[in-house]
Every structure is written in structure tokens, then in C-alpha cells.
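The values are calculated or read from the model by the stated rules, or taken from the named source; none is laboratory data. Model, not experiment: these values are computed from the prediction. Cβ placement follows ideal geometry from the backbone for every residue including glycine, while neighbour counts extend to all protein chains displayed.
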Amino acid sequence: MNIICLIFGMFLGFALFISSSISLREKEFTAFRRLLFLSIISFSIFLFFYFLNSYYINLIVLLSVFSFILYFLLPEFKFKNKPIVQSPKSRIDERNIMFSRNRLNPGSENFKSYYTTNPEKKINDDTFRKNPGLLSPKSTLYSLFPSEAADANFYITEHLKAITETNNLKEKQKIIPKDITLFIKNWLKKIGAIDVGFGKIEEYHFYSHHGYNPKYGEPINPKHKYAISFLVEMDKDSITTAPNAPVVMESSQQYLTSATMAIAVTKFINNLGYSAQAHIDGKYDIVAPLVARDCGLGEIGRMGLLISKQLGPRVRIAIITTDIPLELTINNYDSSVDEFCKVCLKCANICPSQSIPLGEKTKINGIYRWQIDQEKCFNLWTKFGTDCGRCMQVCPYSHPNNLFHNIIRIGIKYFPNFRKFAAKMDDLVYGKNPKSSPTPIWMINSQN
């Protein structure tokens, strides 16, 4: 029995040592130190019981460990009734979104009209307009190189809006849905998408009214049957610096990258004779996370962002709506994301603006959901000069897409007792309040 105890201890210690090595490779130095310490402790404990040479003590130790493991690996029993995915009962007005309100020019007709209709929002909005603003040199986290690089990326993305849809359709080709779906999926993955989904457009996917010029206030009429949704990865090393300037540089870069990809596919569909429109940063007619969810790319988490299957919230979304016939992705609702978000709370506890709710879901627009306080969140952005990203940085789902972390994701998905344990272990290994990484030297202006 003592040999079995020693072998088990060596296996556990070795597994923890390998995990620490992976953390070192991922530049998670806190996790590396803690996992290395745990591996030494684990091996030492079992070595102690080996030399103690007591059959009954070793038996008790092994049974306790196995019972502990079996408890957390108790599977979740699935019922035949398929969970119902809740959908909003009415459409969101884009004019109420903080980004739209931020673009209102004081004294303009749109400005007067909006705050006449929504006077309760003016007090808050007058406050954020007094702050320096996103990417402002006067903001607290402004850094010359990454902040101005982000501004350059946003500048290009802004000018791409003019070509997100075209009316110059070529002769309509006969298309087999399976063939075109496979081609678009593989093309997008070839040029950088980490996941691609295809879904049917629902009315609630669209905003009710435009919130940006030149169509400000005009109703949005859904005109396509299908959606192509895809995700691009946000670089982990940049996200670990959140809320510092590299995070907004990375955010802007992936908005630009996904925009060019979406526009290329849109033009391709036009060349086949079908209507299509790319929905990119600053020109979404649709609510991107909802569309991505319904295309089978993930679920909406506590922080209000899409929790993708591979990288959690550490992604950017682009959408193409179209009438080209597609083979739709089968969307299997994953309730484990909700269940994990209920016990994790890491994003809500760490959020600098305290805009992520700590409690249960509340009924909003006919469905139960977590609703972030967008005013608090955006107000902090206008002080920082960045889009923060702390919630994205600390989310346990945001760890790299590799074997080690995917084993954890599988445990969270299929074993309900494992979820709380995984959340606690994430706190233990990575810290309850992980520190932000410093800005890389190559991004720093040495003259400052």
C-alpha cells in the first residue's frame, strides 16, 4: 500500500510540476511559483506517508484523495428536455448605447432631441464629457506609442465603414449551401479566425434605430436571412497589461483585423450575386454578442461579453449578414457557463468601476440576465483613456487554448462539483486579484 501511495504522490507532484512549467511558458510567473510549491508539497506529503510505512494510514490517505477526486468528477445528468435559450422580447435602441451618446455633439439637434427624450441620462453624460476621454493625452493611463497606435487603428476602421456593403452585385450563381459554408469557414480560419458560426437572423438581433450619423435616429429594418459570425483572438500578453494602454492598442488592432476579414467576405458574396453586409466596430446594425451566441460560438457571461469556447471573452467579434444560402451551425446551449459565472465572481470583484453585478440575474426586457452598469464602465474608460479590459484579463476562461487549460474547461463543462473548486483554484494559482503586467519595453517612449 505504501508503494501505491508513493506512486500516486509522484504522479500528482509530477502533474503539478508540468502545470508549473506550462505557466512559466505562458509568462504566468505567480502561477509558476505557486504550482511549483504545490508540486513539492504534494510529493513530500506522500513521501512522508511512504516512510511512515503504515498500511492503514496510507489506505486512509489514498481513500480520502480518491473520494475527493470522485466528488469533483461527479458528472452532470442531462435531461431529455432541451434548455430554452432566452431571447429579448424587444429590440435595443442603439441611441441608448454609451458609444452613441459619446458621439453626440453638444448643442446639435440630435443632442437636444436625445436629452429631451431621456433627461435622466444627461447628468451622467455631462460627467463623462468632463473627463479626458478615450486615448486622450490627459487621461491617466495614456502612453504615447500604444495610445497613438490605437488611434491609428481606429482611424482606418472608421474609414472602412464606407465599404461594409455594396450594391454592385455580379450575376447570381447557383450555390450549394454546404459548399459555400465550408469554403467561407475555412477561408476565415485560414486568415485568422479562431471560430466561425452560421445562424439564422432573428429580429431581436438588430438594433431598433441607428445611433450614429449619417443615419442617426432612422429605424433599422432587417434585410437578410442569415448571419456569419467569427471570432479573432486578442493577444494574451497585451491583455495581461489591462487596464494599461497596450490593451486598447490590441483591442483596436483586432477590431481592424476582423473588419478587413468581414469586408473581404462581404465583397466575395457580392461577387457571387448575393446581398451581404459587414458589421464592424462603429457600424453594427446588430447586437454582435447575441448573434455570435445564436451562431453557436459561445454564451453570454456575467460581464455581458461572449464567453467563447476556446478563449472565453478574450476575442473580438465580427458579423456578416447575407441572403446567400448557408448550412446553419447546430447551436447546443451550454448552461455550464451560467453555472460557472454564478460561483466565480472574479470579474465582478475585480472590476475597477464596480459595474459588473455580484448578485443573481434579474429580469430585463423579458429575460433573466446579468446587466452591467454601462455608465460606470464607460465613465472609467474616459478617465483611463483605455477600454480597461480587467474583466477579460482575469476571467478563468481567458487562459490560453491548450491541453492543460482545455482539461479544466472540460471539467467545468461536465462536472458541476468541479466548478467551484476550479474557481477557487484559479484564485489560489493566479491570485484573487492578479497584478497587471507592465507595458513591454518596446512600447515605451524613452523620452517621457
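A few points about this structure:
- Test: residue in segment 264-282 that is more than 30 Å from M443 (Cβ to Cβ), crowded, with 22+ Cβ neighbours inside 10 Å and within 15 Å of the chain's Cα centre (by Cα): no
- Test: residue in segment 288-296 that is surrounded by fewer than 24 Cβ atoms within 10 Å (Cβ to Cβ), within 18 Å of R91 (Cβ to Cβ) and among the β-branched types (V, I, T): no
- Considering residues of segment 130-150 that are assigned to a helix (DSSP H, G or I) and touching a residue at least 60 places away in the same chain (Cβ under 8 Å) only, the residue nearest to the chain's Cα centre (by Cα): A150
- Sole exception among (1) loosely packed, with under 13 Cβ neighbours inside 10 Å; (2) out of contact with any helix residue (DSSP H, G or I) (no Cβ under 8 Å at 6 or more places or on another chain) for K170, by number: (2)
- I239 among the β-branched types (V, I, T), modelled with pLDDT of 95 or more and crowded, with 16+ Cβ neighbours inside 10 Å: yes
- Test result for K424, out of contact with any strand residue (DSSP E or B) (no Cβ under 9 Å at 6 or more places or on another chain), more than 22 Å from L297 (Cα to Cα) and among the basic types (K, R): yes
- Inter-residue pairs, beta-carbon under 8 Å, first on the phi < 0 side of the Ramachandran plot and at pLDDT 95 or above and in segment 182-201, second part of a strand (DSSP E or B) and surrounded by fewer than 20 Cβ atoms within 10 Å (Cβ to Cβ), 6+ apart: none
- Meets criteria (part of a helix (DSSP H, G or I), over 26 Å from I180 (Cβ atoms) and not polar (S, T, N, Q)) for K267: no
- Close pairs from segment 431-448: first outside any helix (DSSP H, G or I), partner exposed (fewer than 12 other Cβ atoms within 10 Å of the Cβ), Cβ under 9 Å, at least 6 apart: none
- Matching residues in segment 173-213 - criterion: being assigned to a loop (DSSP other than H, G, I, E, B) and loosely packed, with under 12 Cβ neighbours inside 10 Å: Q173, K174, I176
- For the condition polar (S, T, N, Q), out of contact with any Asp or Glu (no Cβ under 9 Å at 6 or more places or on another chain) and crowded, with 19+ Cβ neighbours inside 10 Å, S436 does not qualify.
- Residue check, E165 more than 21 Å from N379 (Cα to Cα) and surrounded by 13 or more Cβ atoms within 10 Å (Cβ to Cβ): yes
- Inter-residue pairs, beta-carbon under 7 Å, first touching a residue at least 12 places away in the same chain (Cβ under 8 Å) and in segment 114-128, second outside any helix (DSSP H, G or I) and surrounded by 14 or more Cβ atoms within 10 Å (Cβ to Cβ), 6+ apart: Y114/L104
- Highlighted here are the helices (runs of 4 or more DSSP H) found entirely within segment 1-115 that include at least 3 residues which are out of contact with any Cys (no Cβ under 6 Å at 6 or more places or on another chain) and modelled with pLDDT of 75 or more: 2-25, 29-52, 98-102.
- Residue in segment 153-162 that is surrounded by the fewest Cβ atoms within 10 Å (Cβ to Cβ), counting only those that are in contact (Cβ under 8 Å) with a residue 24 or more places away in the chain and either under 28 Å from T329 (Cα atoms) or not acidic (D, E) (or both): I156
- Residues that are in contact with a His (Cβ under 8 Å, 6 or more places away or on another chain) and over 23 Å from S100 (Cβ atoms) within segment 245-287 comprise S275, A276, listed in sequence order.
- Any chance I408 is over 28 Å from A150 (Cβ atoms), without any contact (Cβ under 8 Å) to a residue 60 or more places away in the chain, assigned to a helix (DSSP H, G or I) and in contact with a Phe, Trp or Tyr (Cβ under 9 Å, 6 or more places away or on another chain): yes
- Selected residue [surrounded by fewer than 20 Cβ atoms within 10 Å (Cβ to Cβ), in a helix (DSSP H, G or I), at pLDDT 95 or above and of a type in the set (K, R)] from K413, K424, K376: K376
- Hits in segment 398-417 (condition: over 17 Å from Y430 (Cβ atoms) and not polar (S, T, N, Q)): L403, I410, K413, Y414, F415, P416
- Of the strands (runs of 3 or more DSSP E) lying entirely inside segment 270-364, the ones with 2 or more residues being hydroxyl-bearing (S, T, Y) and touching a residue at least 24 places away in the same chain (Cβ under 8 Å) are found at 315-322.
- Going through (1) of a type in the set (G, A, S); (2) under 20 Å from P222 (Cβ atoms); (3) surrounded by 22 or more Cβ atoms within 10 Å (Cβ to Cβ) one by one, S258 falls short only on (2).
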